[in-house]
Amino acid sequence: EEDVIEFVDRVRRFLKMPADAPLAFTAEPKIDGLSLALRYEKGRLVSAATRGDGSVGENVTANARTIRDIPKALKGDAPDVFEVRGEVYLAKADFLELNRRQEAEGKQTYVSRPLRFFAYAWGDASALPATTQMGVVAQFAKWGFEINPLMARFETVEGLIEQYRRIEAERASLAYDIDGVVYKVD
(Lines give C-alpha, C1' and ligand atoms only; values in the text may rest on other atoms or scores of the structure.)
Protein backbone atom coordinates (compact mmCIF):
# COMPACT_ATOMS: atom_id res chain seq x y z
CA GLU A 1 0.00 0.00 0.00
CA GLU A 2 2.83 2.39 0.84
CA ASP A 3 4.37 1.77 -2.61
CA VAL A 4 1.10 2.68 -4.33
CA ILE A 5 0.71 5.84 -2.25
CA GLU A 6 4.31 6.83 -3.01
CA PHE A 7 3.82 6.10 -6.74
CA VAL A 8 0.76 8.38 -6.90
CA ASP A 9 2.63 11.09 -4.97
CA ARG A 10 5.64 10.79 -7.35
CA VAL A 11 3.37 11.11 -10.39
CA ARG A 12 1.71 14.21 -8.91
CA ARG A 13 5.12 15.78 -8.20
CA PHE A 14 6.37 14.93 -11.69
CA LEU A 15 3.23 16.43 -13.27
CA LYS A 16 3.34 19.36 -10.84
CA MET A 17 -0.24 18.64 -9.75
CA PRO A 18 -1.64 19.64 -6.35
CA ALA A 19 -2.99 16.88 -4.09
CA ASP A 20 -6.61 17.88 -4.75
CA ALA A 21 -6.36 17.99 -8.58
CA PRO A 22 -8.21 15.13 -10.34
CA LEU A 23 -5.87 12.37 -11.51
CA ALA A 24 -6.95 8.97 -12.85
CA PHE A 25 -5.03 5.73 -13.20
CA THR A 26 -5.66 2.32 -14.68
CA ALA A 27 -4.82 -0.90 -12.86
CA GLU A 28 -4.46 -4.28 -14.55
CA PRO A 29 -2.77 -7.63 -13.99
CA LYS A 30 0.87 -7.83 -15.13
CA ILE A 31 0.72 -10.84 -17.43
CA ASP A 32 3.60 -13.31 -17.14
CA GLY A 33 4.42 -13.76 -20.81
CA LEU A 34 6.39 -12.30 -23.69
CA SER A 35 6.05 -8.65 -24.69
CA LEU A 36 5.16 -8.20 -28.33
CA ALA A 37 4.86 -5.15 -30.60
CA LEU A 38 2.48 -5.51 -33.56
CA ARG A 39 2.78 -2.96 -36.36
CA TYR A 40 -0.31 -2.27 -38.46
CA GLU A 41 -0.24 -0.16 -41.60
CA LYS A 42 -3.55 0.91 -43.10
CA GLY A 43 -5.17 -1.57 -40.68
CA ARG A 44 -3.14 -4.61 -41.80
CA LEU A 45 -0.60 -6.50 -39.68
CA VAL A 46 2.82 -5.97 -41.30
CA SER A 47 5.23 -7.02 -38.54
CA ALA A 48 5.53 -8.42 -35.05
CA ALA A 49 8.61 -8.15 -32.88
CA THR A 50 9.71 -9.07 -29.39
CA ARG A 51 11.23 -6.42 -27.15
CA GLY A 52 14.70 -7.94 -27.54
CA ASP A 53 17.36 -5.77 -25.93
CA GLY A 54 15.11 -2.70 -25.86
CA SER A 55 16.38 -1.36 -29.20
CA VAL A 56 16.29 -4.38 -31.49
CA GLY A 57 13.78 -7.20 -31.16
CA GLU A 58 13.32 -10.51 -32.89
CA ASN A 59 11.03 -10.57 -35.92
CA VAL A 60 8.24 -13.04 -35.04
CA THR A 61 5.66 -12.00 -37.64
CA ALA A 62 5.05 -15.52 -38.97
CA ASN A 63 4.52 -16.84 -35.43
CA ALA A 64 2.22 -13.93 -34.49
CA ARG A 65 -0.01 -14.66 -37.47
CA THR A 66 -0.79 -18.08 -35.93
CA ILE A 67 -2.09 -16.61 -32.64
CA ARG A 68 -5.88 -16.42 -32.75
CA ASP A 69 -6.06 -13.32 -30.53
CA ILE A 70 -3.96 -11.26 -32.98
CA PRO A 71 -6.05 -9.81 -35.83
CA LYS A 72 -4.48 -9.92 -39.29
CA ALA A 73 -6.53 -6.80 -40.07
CA LEU A 74 -8.09 -4.29 -37.67
CA LYS A 75 -11.89 -3.97 -37.68
CA GLY A 76 -13.22 -0.53 -38.56
CA ASP A 77 -11.21 2.65 -39.02
CA ALA A 78 -7.58 2.69 -37.92
CA PRO A 79 -4.73 5.20 -38.21
CA ASP A 80 -2.35 4.75 -41.16
CA VAL A 81 0.29 3.43 -38.75
CA PHE A 82 -0.39 1.95 -35.35
CA GLU A 83 1.77 -0.25 -33.14
CA VAL A 84 -0.22 -2.31 -30.64
CA ARG A 85 1.76 -3.62 -27.71
CA GLY A 86 0.76 -6.45 -25.48
CA GLU A 87 1.67 -9.75 -23.95
CA VAL A 88 1.71 -13.21 -25.49
CA TYR A 89 0.85 -15.80 -22.88
CA LEU A 90 -0.18 -19.38 -22.47
CA ALA A 91 -3.62 -20.00 -20.95
CA LYS A 92 -3.34 -22.65 -18.24
CA ALA A 93 -6.35 -24.63 -19.50
CA ASP A 94 -5.11 -24.61 -23.11
CA PHE A 95 -1.74 -25.93 -22.02
CA LEU A 96 -3.23 -28.70 -19.87
CA GLU A 97 -5.64 -29.76 -22.63
CA LEU A 98 -2.87 -29.85 -25.22
CA ASN A 99 -0.70 -32.06 -23.02
CA ARG A 100 -3.68 -34.30 -22.20
CA ARG A 101 -4.27 -34.88 -25.93
CA GLN A 102 -0.58 -35.45 -26.62
CA GLU A 103 -0.33 -37.96 -23.77
CA ALA A 104 -3.51 -39.78 -24.87
CA GLU A 105 -2.01 -40.17 -28.34
CA GLY A 106 1.26 -41.45 -26.91
CA LYS A 107 3.10 -38.34 -28.08
CA GLN A 108 5.58 -36.15 -26.26
CA THR A 109 4.01 -33.50 -24.02
CA TYR A 110 4.90 -29.85 -24.49
CA VAL A 111 6.58 -27.34 -22.28
CA SER A 112 4.42 -24.69 -24.03
CA ARG A 113 2.34 -24.05 -27.17
CA PRO A 114 -1.22 -22.65 -27.65
CA LEU A 115 -0.56 -18.95 -27.31
CA ARG A 116 -2.92 -16.07 -26.52
CA PHE A 117 -2.49 -12.28 -26.54
CA PHE A 118 -3.71 -9.36 -24.43
CA ALA A 119 -3.33 -5.85 -25.92
CA TYR A 120 -2.55 -3.14 -23.35
CA ALA A 121 -0.40 -0.32 -24.79
CA TRP A 122 0.88 1.30 -27.97
CA GLY A 123 4.08 2.50 -29.56
CA ASP A 124 4.51 4.24 -32.89
CA ALA A 125 1.23 5.76 -34.08
CA SER A 126 0.32 8.23 -36.81
CA ALA A 127 -2.73 9.18 -34.69
CA LEU A 128 -4.32 8.09 -31.44
CA PRO A 129 -7.93 6.91 -31.39
CA ALA A 130 -8.52 8.34 -27.88
CA THR A 131 -6.92 10.72 -25.36
CA THR A 132 -6.63 8.33 -22.40
CA GLN A 133 -5.05 4.96 -21.67
CA MET A 134 -8.48 3.45 -21.01
CA GLY A 135 -9.90 4.97 -24.21
CA VAL A 136 -7.12 3.62 -26.43
CA VAL A 137 -7.36 0.14 -24.87
CA ALA A 138 -11.16 0.21 -25.38
CA GLN A 139 -10.46 0.91 -29.07
CA PHE A 140 -8.19 -2.15 -29.16
CA ALA A 141 -11.24 -4.27 -28.28
CA LYS A 142 -13.22 -2.63 -31.12
CA TRP A 143 -10.37 -3.44 -33.51
CA GLY A 144 -10.61 -7.12 -32.55
CA PHE A 145 -8.07 -7.56 -29.76
CA GLU A 146 -8.57 -9.30 -26.44
CA ILE A 147 -8.09 -6.89 -23.56
CA ASN A 148 -7.83 -7.87 -19.93
CA PRO A 149 -11.27 -7.76 -18.27
CA LEU A 150 -9.61 -6.91 -14.93
CA MET A 151 -8.29 -3.59 -16.27
CA ALA A 152 -10.14 -0.78 -14.54
CA ARG A 153 -9.91 3.00 -14.05
CA PHE A 154 -9.63 4.68 -10.65
CA GLU A 155 -9.42 8.24 -9.38
CA THR A 156 -8.32 7.40 -5.83
CA VAL A 157 -5.41 5.61 -4.18
CA GLU A 158 -7.97 3.56 -2.28
CA GLY A 159 -9.44 2.34 -5.57
CA LEU A 160 -6.00 1.33 -6.83
CA ILE A 161 -5.27 -0.58 -3.63
CA GLU A 162 -8.71 -2.24 -3.69
CA GLN A 163 -8.09 -3.41 -7.27
CA TYR A 164 -4.70 -4.79 -6.24
CA ARG A 165 -6.38 -6.79 -3.48
CA ARG A 166 -9.06 -8.04 -5.88
CA ILE A 167 -6.50 -9.21 -8.42
CA GLU A 168 -4.37 -10.79 -5.69
CA ALA A 169 -7.42 -12.67 -4.34
CA GLU A 170 -8.25 -13.96 -7.84
CA ARG A 171 -4.65 -14.70 -8.81
CA ALA A 172 -4.75 -18.48 -8.27
CA SER A 173 -7.98 -18.85 -10.25
CA LEU A 174 -6.96 -16.70 -13.23
CA ALA A 175 -6.62 -18.52 -16.56
CA TYR A 176 -3.06 -17.18 -16.92
CA ASP A 177 -0.05 -16.44 -14.72
CA ILE A 178 0.66 -12.91 -13.48
CA ASP A 179 3.62 -11.14 -11.88
CA GLY A 180 1.58 -8.53 -10.01
CA VAL A 181 -0.38 -5.39 -10.93
CA VAL A 182 0.52 -2.55 -13.32
CA TYR A 183 -0.65 1.03 -12.69
CA LYS A 184 -0.69 3.61 -15.48
CA VAL A 185 -1.70 7.25 -15.58
CA ASP A 186 -4.94 7.48 -17.52
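Before moving on, here are some points about what is shown:
- Shape box of segment 75-147 [Cα atoms, principal axes, largest first, Å]: 52, 19, 19
- Alpha-carbon Rg with Dmax, taken over segment 1-115, Å: 19.9, 65
- Selected from L38, Q163, I5, residue furthest toward positive end of dipole (the chain; charges at beta carbon): L38
- Dipole of the chain, positive direction: furthest Cα of V88, M17, Y183, with charges on the beta-carbon: V88
- C-alpha long axis of helix 92-104 to longest principal axis of the chain, angle in °: 10
- Segment 32-98: C-alpha gyration tensor shape, a/c 1.5 cut-off, then a/b vs b/c: oblate
- Antiparallel DSSP beta bridges within the chain, as percent of all bridges there, nearest 5: 100
- Protein heavy-atom accessible surface, 1.4 Å probe, per residue over the chain: 59 Å².
- Longest segment of the chain lacking trypsin sites (Lys or Arg not before Pro) that sit in a DSSP loop with at most 16 other Cβ atoms within 10 Å: 108-186
- The magnitude of the dipole of the chain, with charges of +1 and -1 set on the Cβ of Lys/Arg and Asp/Glu and taken from the Cα centre, is near 760 debye.
- Oblate is the label for segment 30-183. Its Cα gyration tensor axes, ordered a ≥ b ≥ c, give a/c of at least 1.5 and b/c at or above a/b.
- Three-way shape label, segment 123-186, alpha-carbon gyration tensor, a/c 1.5: oblate
- Here the contact order of segment 85-186, divided by its residue count and restricted to Cα pairs under 8 Å and six or more residues apart, works out to 27 percent.
- Nearest 10 degrees, 0 to 90: helix 2-14 Cα axis against the chain principal axis: 70
- Over the chain, dividing the summed -39,500 (n - 2.57) contributions of all DSSP H runs of at least 4 residues by the number of residues returns a 222 nm mean residue ellipticity of -9000 deg cm²/dmol.
- Alpha-carbon centroids, segment 76-106 and segment 1-70: separation in whole Å: 18
- For the chain, lysine pairs with C-alpha atoms less than 30 angstrom apart, excluding pairs fewer than eight positions apart on the same chain, total 22.
- A DSSP coil position with no more than 14 other Cβ atoms inside 10 Å describes the following GluC sites (Glu not before Pro) in segment 1-98: E1, E58.
- Dipole magnitude (debye, nearest 20) for segment 1-62, charges at Cβ of Lys, Arg, Asp, Glu: 500
The values are calculated or read from the model by the stated rules, or taken from the named source; none is laboratory data. Just so we're clear, the structure is a prediction, and the values are computed from it rather than from any experiment. Backbone-built Cβ (ideal geometry, glycine too); neighbour counts: all protein chains shown. To get the accessible areas, we keep the full protein, side chains included, count just its heavy atoms, and leave off ligands, DNA and RNA. Shrake-Rupley method; radii C 1.70, N 1.55, O 1.52, S 1.80 Å.
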